[in-house]
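I have placed the structure first, in the form of structure tokens, so that the comments after it can refer back to it.
Here, each number is a calculation from the coordinates, and none is a lab measurement. For clarity, every value in this text was computed on a predicted model and none was experimentally measured. Cβ sites come from the backbone with ideal geometry, for glycine too, and all protein chains shown count toward neighbours.
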Amino acid sequence: MKYPFVSVVVGIRNEEKFIEECIESLLNLDYPRDSYEIIIVDGMSTDKTRDIVQKYPVKLLLNEQRMLLRQETLVWRMLGENLSRLLTETVRSIISG
């Protein structure tokens with residue numbers, strides 16, 4: 001089965017306490033790794049968030065204007081460890097139509 005390519009975009013700012021767990025869960029999705037990319041959009045964090053993100057095979061973009069991306073951060077905090085399962089189920093439902 002051919003999987004569509006998916007971009008997972010996560011908006012963050014000063015998330016050093018949570019970003020590592022978030023990225024780890026996204027890297028461990030039940031979805032072919034070559035069929036998705038992870039893009040982290042940082043709102044100019046002043047903590048160690050960017051240093052942590054740079055340790056992983058993800059794209060890091062800087063949101064220098066600090067335009068708000070509240071939904072992504074809210075979803076992560078609400079779902080925590082269940083995020084990976086939710087994303088996998090969502091992608092599967094998109095594929096199956």
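Subtracting the Cα-Cα distance from 0.36 nm times the residue separation, let me have the gained length for Gln54 to Glu20 in nm, one decimal.
11.2 nm
Taking amide hydrogens as modeled 1.01 Å from N in the peptide plane, which residues meet the under 5 Å criterion relative to Tyr36, leaving out close sequence neighbours?
Result for Tyr36 returns Val6.
Treat the count of other C-beta atoms within 10 Å as a stand-in for reagent exposure and order Met44, Met1 from fewest to most.
Lowest to highest Cβ neighbour count: Met1, Met44.
Can you run phi through the Karplus equation (6.51, -1.76, 1.60; θ = phi - 60°) for region 25-39 and list ³J(HN,Hα) in whole Hz, with x for Gly and Pro?
5, 5, 6, 9, 4, 7, 7, x, 4, 7, 10, 8, 10, 10, 10
Consider a paramagnetic label point 7 Å from the Cα of Ser35 along Cα→Cβ; state which residues of region 1-29 have an amide N under 11 Å from it.
1-6
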